[in-house]
Amino acid sequence: MANDNNLIDFYKETATQLNLKEEQVKNVLQLVAEAATIPFIARYRKDKTGALDEVQIANIIDTAKSSLEFHNRKASIIKSITDQGKMTDALLEKIESAEHLNALEDIYLPYKPKRKTKAQNAKEQGLEPLAQSIFEQSDLEIEALAQKYFNEVITSVDQALQGARDIIAEWVNEDFNSRNSIRNLFEKEAQITAKLIADKEQEAQKYKDYFDFKEPISKIPSHRFLALLRGFMEGYLRVEIAAEEDNALALLEKQYILSNNDAAHQVKRAIKDAYRRLMQPSMEAEFRSLLKTKADEEAIQVFAENLKQLLLASPLGSKNILAIDPGYRTGCKVVCLDATGALKTTDLIYIHENNHRLIEAENIIKNLVAKYTIEAFAIGDGTAGRETEQFVKKLQLNIPIFLVNEDGASVYSASETARQEFPDYDITVRGSVSIGRRLMDPLAELVKIDPKSIGVGQYQHDVNPIRLKEKLDQTVESCVNKVGVNLNTASKHLLSYISGIGPSLAENIIQYRNEHGHFSNRNELLQVPRLGQKAFEQCAGFLRIPQSNNSLDKSAVHPEAYSIVENIAKSMQLNTEQLIGNEKMIS
């Protein structure tokens, strides 16, 4: 990961790229260097950022990191070429003036350490002067000239000319201008094509739309590219990205062909080899990577938006819940939760079998509803979910019934978190509890699950896993800090997403709470081991401590938040406590 302490060095170019004021960007990067989190900066440092939102702040950080990585790559390339003793003032100026990574890599290509190539083998046989003579395209007796380079390995004219062409092909491939012209051609004209691999038709039916497919890379939507890539990775499709070969060869010949003689003929053959063997595969890999990156970012953005909607779904609140994880053969696992989400009892019912078991299931549900004063049903929406919903409706208990998204429940139930919460219960019980708690408070429950397992996107297993986790974790952090959490009831996992806290401090807060009881005001956080003033400054405004009456304990409110509301109250000629109403409103 980029070193955040260096990001501020790139505030000017970041501001230019994002069309923002330099001072805004500089202040954001300075706050990041001071370990401020995105939610904290967006909410409490509006005066320094010009009221930038979380998305803009995240873009600033990402752009600055990209600039830092580009700068580091330049430094690495300069060192490599210098260590080889091949650096010149002109080359250094060319590297320093490169504006994007592709240009930088093109400049470096001739100097890049590589496995032994055909051209290197030819050079070792002393054929480079022959290649140079042919490349100049003077009127030569080609065969006679080639015979001068015979040795123990090179024993024929064809061998000598082949070696010379290999060297010329590498020169063409590594030339900055030729690569740039072919890259421009790909950008304008290249198409992605897919063909069914022979004898795979039956297994590949889900990719039937791509058995004979072609589309310009400039127009292909991200979801279609990811589908093609998946078909390729699974071994059903042959996928290629290419421009028209004739157009590519015409561009290169215009650049290199100087005459119409035997030497020029050899250069033409070398150009065709350079394109087919070296340039086209290289450009295909480059554009495949670009398309993949673009598709990843778009898919990840969709995942993040879907996750945000799921996390911020309206909670049912503190109710006694009867949760059911539906099933056919293995039965439906039933749990009862009290208004705090604590597990009270479990049972197992079979509603898809004979009448005897169906009647037994009806009696079990009715008894549990009466005994635990059930206020709502939470039913998993997976296999047998609708049938289970119909079964409960037929009981006519006049209690609300909710189908709950159960994606990721099985992941949670097998996790270390679930084992710590319910060490004496099996995974079926844990999954049912998760379904019930999701209805009560989706955010508090879903933060326990790896975001990519929640099922908020179609291609979460195809995109860059590091970038996906980074973006989804950022989304969870944003959602948690948007609504804030109750300091006296929040779980370790919920607290860990609060600005400035993290997993380690969350563990310390829970331990302190267990040893000393509920927090009465935020200032007590400073008594938590390793929670210093900097962490307190960041987290305090996102933590709630509900009061038992309508009076407001000023010490329980973050001073900066209280000050803001106090100023508003004065301007409206209201009492501060009147404007706040209760402590929760400004937490």
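The values are calculated or read from the model by the stated rules, or taken from the named source; none is laboratory data. All figures in this text were calculated on a predicted structure; none of them were measured in a lab. Glycine also receives a Cβ, built like all others from the backbone with ideal geometry; neighbour counts cover every protein chain displayed. Surface accessibility is based on the protein's heavy atoms, side chains included, excluding ligands, DNA and RNA. Shrake-Rupley method; radii C 1.70, N 1.55, O 1.52, S 1.80 Å.
Provide Leu343, Leu140 ordered by accessible surface of protein heavy atoms (probe 1.4 Å), highest first.
On the way: Leu343 35, Leu140 60 Å².
Reading off the accessible areas and sorting them downward yields Leu140, Leu343.
So, with +1 on the Cβ of K and R and -1 on the Cβ of D and E, and no other charges, what is the size of the charge dipole of segment 292-374 about its Cα centre, to the nearest 20 debye? Can you show the working numbers first?
Details: 10 positive and 10 negative charges, 38 e Å.
Roughly 180 debye, rounded to the nearest 20.
What does the charge dipole of the chain about its Cα centre add up to, to the nearest 20 debye, if the Cβ of each Lys and Arg holds +1 and the Cβ of each Asp and Glu holds -1?
Numbers: 72 positive and 84 negative charges, 277 e Å.
The calculation lands at about 1320 debye.
Roll a 1.4 Å probe over the protein chains and send me the accessible area per residue for the chain in Å². Please list the in-between numbers first.
Working: 30240 Å² over 587 residues.
Result: 52 Å² of accessible area for each residue.
Could you tell me the relative contact order of segment 237-355? Use alpha-carbon pairs under 8 Å, at least six residues apart, and round to a whole percent.
On the way: 85 pairs, mean separation 16.5, N = 119.
Relative contact order here is 14 percent.
Considering only protein heavy atoms, what is the solvent-accessible area of Asp139 at a probe of 1.4 Å, reported in Å² to the nearest 10?
Estimated to the nearest 10 Å², Asp139 gives 140 Å².
Report relative contact order for the chain in percent, whole number only (criteria: Cα-Cα under 8 Å, sequence separation at least 6). If you can, show how the numbers build up before the last one.
Details: 799 pairs, mean separation 55.0, N = 587.
Here the relative contact order equals 9 percent.
Roughly speaking, to the nearest percent, how much of the chain's 1.4 Å accessible area is carbon and sulfur? Walk me through the numbers on the way to the answer.
Values: 14310 of 30240 Å².
In the chain, the share of accessible area belonging to carbon and sulfur is 47 percent.
Please list Ser218, Ser138 in order of solvent-accessible area, largest first, computed with a 1.4 Å probe with all protein chains present. Write out the running numbers ahead of the final one.
On the way: Ser218 80, Ser138 55 Å².
Ranking Ser218, Ser138 by accessible area, largest first, yields Ser218, Ser138.
Using the charge dipole of the chain (Lys, Arg: +1 at Cβ; Asp, Glu: -1 at Cβ; taken about the Cα centre), state which of Asn260, Ala376, Ala58 has its Cα farthest towards the positive end.
Of the candidates, Ala376 comes out farthest on the positive side.
Between Lys188 and Asn121, what FRET efficiency follows from the Cβ-Cβ distance if R0 is 60 Å, with the result rounded to 0.05? Each step should come with its number before you reach the end.
Numbers: r = 36 Å, r/R0 = 0.59.
FRET efficiency, Lys188 to Asn121: 0.95.
For segment 335-389, what does the alpha-carbon gyration tensor say about shape, rounded, prolate or oblate, given a ≥ b ≥ c as the root eigenvalues, a/c under 1.5 as rounded, and a/b over b/c as prolate?
Working: a/c = 2.37, a/b = 1.41, b/c = 1.68.
Oblate shape, in that a/c is at least 1.5 and b/c is the bigger or equal ratio.
Cα centroids of segment 190-247 and segment 1-69: how far apart, whole angstrom?
39 Å
With r defined as the distance between the Cβ atoms of Phe176 and Glu215 and R0 fixed at 30 Å, what FRET efficiency is calculated, to the nearest 0.05?
On the way: r = 30 Å, r/R0 = 1.00.
About 0.50, to the nearest 0.05.
Can you give the accessible area of Lys12 in Å² (nearest 10), computed on protein heavy atoms with a 1.4 Å probe?
Result for Lys12: roughly 110 Å² accessible.
With the crude spin-label approximation of a point 7 Å out along Cα→Cβ, what separation in nm comes out for Ile466 versus Ile359?
Reported label-point gap for Ile466 and Ile359 is 6.4 nm.
Roughly what % of DSSP beta bridges within the chain run antiparallel, to the nearest 5? Mind showing how you got there, number by number?
Values: 22 of 32 bridges.
Counting DSSP beta bridges with both partners in the chain, the antiparallel share is about 70 percent.
Leaving ligands and nucleic acids out of the surface, order Thr293, Thr16 by accessible area at 1.4 Å, largest first.
Values: Thr293 75, Thr16 110 Å².
So the residues, ranked largest to smallest area, are Thr16, Thr293.
Grab the Cα-Cα distance for Phe422 and Thr16, subtract it from 0.36 nm times how many residues apart they are, and report the gain in nm with one decimal. Numbers along the way, then the final one.
Details: separation 406, 0.36 × 406 = 146.16 nm, distance 5.26 nm.
Answer, rounded to one decimal: 140.9 nm.
In segment 224-263, whose amide N lies under 16 Å from the spot 7 Å out along Cα-to-Cβ of Glu143? List them in ranges.
262-263
Among Asn121, Gln137, Gln147, which residue has its Cα positioned farthest towards the positive end of the charge dipole of segment 81-165, with +1 placed on the Cβ of Lys and Arg, -1 on the Cβ of Asp and Glu, and the dipole taken about the Cα centre?
Asn121
Quote the accessible area belonging to Lys118 in square angstrom, nearest 10, computed with a 1.4 Å probe and with ligands, DNA and RNA left uncounted.
Roughly 110 Å² of Lys118 is accessible to a 1.4 Å probe.
Measure off 7 Å from each Cα along the Cα-to-Cβ vector at Val153 and Glu128, then give the distance between these two points in nanometres to one decimal.
1.4 nm
Tell me which of Asn306, Asn6, Phe422 sits at the most positive position along the dipole axis of the chain, charges placed on C-beta atoms (Lys, Arg +1; Asp, Glu -1).
Towards the positive end, the residue furthest out is Phe422.
With +1 assigned to the C-beta of every Lys and Arg and -1 to the C-beta of every Asp and Glu, and no other charges, what is the dipole magnitude of segment 210-366 about the Cα centre in debye, to the nearest 20?
On the way: 21 positive and 22 negative charges, 21 e Å.
Result for segment 210-366 is approximately 100 debye, rounded to the nearest 20.
Over segment 36-148, consider all pairs of different Cα atoms and compute the Kirkwood hydrodynamic radius from their mean reciprocal separation; express it in Å, one decimal. Don't skip to the end; give the middle numbers.
On the way: mean 1/r = 0.0533 Å⁻¹.
Hydrodynamic radius (Kirkwood, Cα only) of segment 36-148 equals 18.8 Å.
How far is it, in nm, from the label point at Asn488 to the one at Asn398 when both lie 7 Å from their Cα along the line to the Cβ?
That separation, rounded to one decimal, is 3.5 nm.
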